[in-house]
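The structure under discussion appears below in the form of structure tokens.
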Amino acid sequence: MAYLTVTNATKRFGETVFALRDVSISVERGEFFTLLGPSGCGKTTLLRSIAGFHALTSGDIRVNGADLGRIPPHKRDIGMVFQDYAVFPHLSVFDNVAFGLKPRKIPADEIKKRVPDALESVHLTALAERLPAAMSGGQQQRIGLARAMVINPQLLLMDEPLSNLDAKLRIELREEIRDIQRKVGIATIYVTHDQEEALAISDRICVMSDGHVEQIGTPEEIYGDPQTQFVANFVGTINQLQRGPTLDGILETLGLSQADKSADKAAWSVRPEALVLSDLAPPASGEAVAEIEGTVQKYTYLGREAHLFLKTVLGEIVVHVANPARAIKHAHGETVSVQISKDALFGFDGAGKRIATGNTPAQGAA
């Protein structure tokens, strides 16, 4: 049985506005579970419902078998980390972290032991007596993280905790958060709209849109095996291929069945890194591949990879080349050939659901 379960959660504001639509998720003990989606998709509403800040219209939430709907927010034993740091400017770092322990009537000797341990875990031991106003945004967010963990909560909830930090600091702190969470082993639910952040730190990801769950899976499944067109478009870069005789010929070459090709209003797409320049392709191994020609519109060298923007009969597409040779550049107007394999194609029906293509069967959205 999962440690946290949310079953058929619906949250309605007024008669017609649905923030959550029949959402069901499960989180295992010690798991880092991320709610990912655009603004307004319902991820923060779901997080705040778990915390007790919102009451569900219907559905239930259970932790370790206990019905949270029957427990007031301040007794749910949940640690919360907010995006705006929420530190007390007039209290020292030590007292900020200790703040949540005092209402729980933790003995002073225990506080003196637990707070230094929490500060050590977030690398703030040397700053215990400093006031937050003299600290950076990253350091203030570490205070919030330590304060949430020091109470030894049964759940740790994080609502876009890195959104107010600069890009470099976000990357550094997200790795620290993941390392700390693994060490303490607290089941964590993390909200973000940043797809790269979600892929980097999560055990599993729940992609949401318009108040419902699109897909739940590991980072590898979410990126490499999207089950809806929304997930494919939202997570990572994707090339949408224009329908027409050329695409029909490619589908035929790759051995896709007539049923696959004739799916109602089928849409086909491919990741930029799944396309291979023909002059860089390894010798054929018997696997069917199709080729298209494109005219280089732009070539961008980024060190570890290069991006080619091509104009083709399938529309404008992007090709990512890993470890590009510095001596090889593709000039504007140059014609290049690109290979597409069957496994690289994602097909979606008129409802935006994944079409099974033999080697990559559709698995369902959640």
Of all residues in segment 195-208, how many are touching a residue at least 12 places away in the same chain (Cβ under 8 Å) and either in contact with a His (Cβ under 8 Å, 6 or more places away or on another chain) or within 18 Å of Thr237 (Cα to Cα) (or both)?
8
Across segment 267-297, what is the total count of residues that are open to solvent by less than 50 Å² (accessible area, probe 1.4 Å), of a type in the set (Gly, Ala, Ser) and more than 26 Å from Gln227 (Cβ to Cβ)?
3
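Give me a count of the residues in segment 1-11 that are surrounded by fewer than 20 Cβ atoms within 10 Å (Cβ to Cβ) and modelled with pLDDT of 95 or more.
Of segment 1-11, the ones surrounded by fewer than 20 Cβ atoms within 10 Å (Cβ to Cβ) are 1-3, 5, 7-8, 10.
Add one more test, that the residue is modelled with pLDDT of 95 or more, and what stays is 3, 5, 7-8, 10.
Going through segment 1-11 one residue at a time, the tally reaches 5.
Every residue, every condition in (1) at pLDDT 95 or above; (2) closer than 16 Å to Gln242 by Cβ; (3) in contact with a Leu (Cβ under 8 Å, 6 or more places away or on another chain), yes or no:
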{"site": "Asp260", "(1), (2), (3)": "no, no, yes"}
{"site": "Glu273", "(1), (2), (3)": "yes, no, no"}
{"site": "Leu280", "(1), (2), (3)": "no, no, no"}
{"site": "Gly303", "(1), (2), (3)": "no, no, no"}
{"site": "His307", "(1), (2), (3)": "yes, no, no"}
Kindly provide the set of residues from segment 97-113 that are open to solvent by less than 40 Å² (accessible area, probe 1.4 Å), under 20 Å from Gln181 (Cα atoms) and not in a loop (DSSP other than H, G, I, E, B), ordered by number.
Val97, Ala98
For segment 298-342, which residues satisfy the criterion of being outside any strand (DSSP E or B), surrounded by 15 or more Cβ atoms within 10 Å (Cβ to Cβ) and out of contact with any Phe, Trp or Tyr (no Cβ under 7 Å at 6 or more places or on another chain)?
Leu314, Lys342
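Residue-wise test of (1) within 19 Å of Asp203 (Cβ to Cβ); (2) part of a strand (DSSP E or B).
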{"site": "Thr5", "(1), (2)": "yes, yes"}
{"site": "Glu15", "(1), (2)": "no, no"}
{"site": "Gly30", "(1), (2)": "yes, no"}
{"site": "Cys41", "(1), (2)": "no, no"}
{"site": "Phe53", "(1), (2)": "no, no"}
{"site": "Gly59", "(1), (2)": "no, yes"}
{"site": "Arg62", "(1), (2)": "no, yes"}
{"site": "Gly69", "(1), (2)": "no, no"}
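When only residues in segment 153-179 that are closer than 16 Å to Glu120 by Cβ and touching a residue at least 24 places away in the same chain (Cβ under 8 Å) count, which is nearest to the chain's Cα centre (by Cα)? It would help to see each step written out before you state the result.
As a first pass, look at segment 153-179 and keep what is closer than 16 Å to Glu120 by Cβ: 176-177, 179.
With the extra rule that they be touching a residue at least 24 places away in the same chain (Cβ under 8 Å), the set shrinks to 176-177.
Details: Glu176: 17, Ile177: 15 Å.
Top of the filtered list is Ile177.
Could you list, in sequence order, the residues of segment 72-96 that are outside any helix (DSSP H, G or I), of a type outside the set (D, E, K, R), out of contact with any strand residue (DSSP E or B) (no Cβ under 9 Å at 6 or more places or on another chain) and surrounded by 13 or more Cβ atoms within 10 Å (Cβ to Cβ)?
Pass one, segment 72-96, residues outside any helix (DSSP H, G or I): 72, 76-92.
Restricting the remaining residues to those that are of a type outside the set (D, E, K, R) gives 72, 78-83, 85-92.
Filter once more, so that each one left must be out of contact with any strand residue (DSSP E or B) (no Cβ under 9 Å at 6 or more places or on another chain): 72, 85, 87-92.
Matches in segment 72-96: Tyr85, Val87, Phe88, Leu91, Ser92.
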Being at positive phi and surrounded by fewer than 19 Cβ atoms within 10 Å (Cβ to Cβ) narrows it down to one of Gly211, Gly244, so name that one.
Gly244
So which residues in segment 20-48 are open to solvent by less than 40 Å² (accessible area, probe 1.4 Å), in contact with a helix residue (DSSP H, G or I) (Cβ under 9 Å, 6 or more places away or on another chain) and not aromatic (Phe, Trp, Tyr)?
Leu20, Val23, Ile25, Gly30, Thr34, Leu35, Leu36, Gly37
Take Ser163 and tell me if it is buried (at least 20 other Cβ atoms within 10 Å of the Cβ) and closer than 30 Å to Val318 by Cβ.
no
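Please pick out the residue among Val313, Val336, Val296 that is touching a Gly at 6+ places or on another chain (Cβ under 9 Å), under 15 Å from Val270 (Cβ atoms) and at pLDDT 95 or above.
Details: Val336 fails: under 15 Å from Val270 (Cβ atoms); Val296 fails: under 15 Å from Val270 (Cβ atoms).
The conditions single out Val313.
Sort through Asp159, Asp117 and tell me the only one that's farther than 27 Å from Gly42 by Cα and not aromatic (Phe, Trp, Tyr).
Working: Asp159 fails: farther than 27 Å from Gly42 by Cα.
Selected residue: Asp117, the only one of Asp159, Asp117 that is farther than 27 Å from Gly42 by Cα and not aromatic (Phe, Trp, Tyr).
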Kindly establish whether Asn152 is in contact with a helix residue (DSSP H, G or I) (Cβ under 9 Å, 6 or more places away or on another chain), under 22 Å from Arg104 (Cα atoms) and outside any helix (DSSP H, G or I).
yes
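The values are calculated or read from the model by the stated rules, or taken from the named source; none is laboratory data. Every value quoted in this text rests on a predicted model; they were computed, and no experiment measured them. So basically every Cβ, Gly included, is an ideal-geometry build from the backbone, and we count neighbours across all protein chains shown. The accessibility values were calculated without ligands, DNA or RNA, using every heavy atom of the protein model including side chains. Shrake-Rupley method; radii C 1.70, N 1.55, O 1.52, S 1.80 Å.
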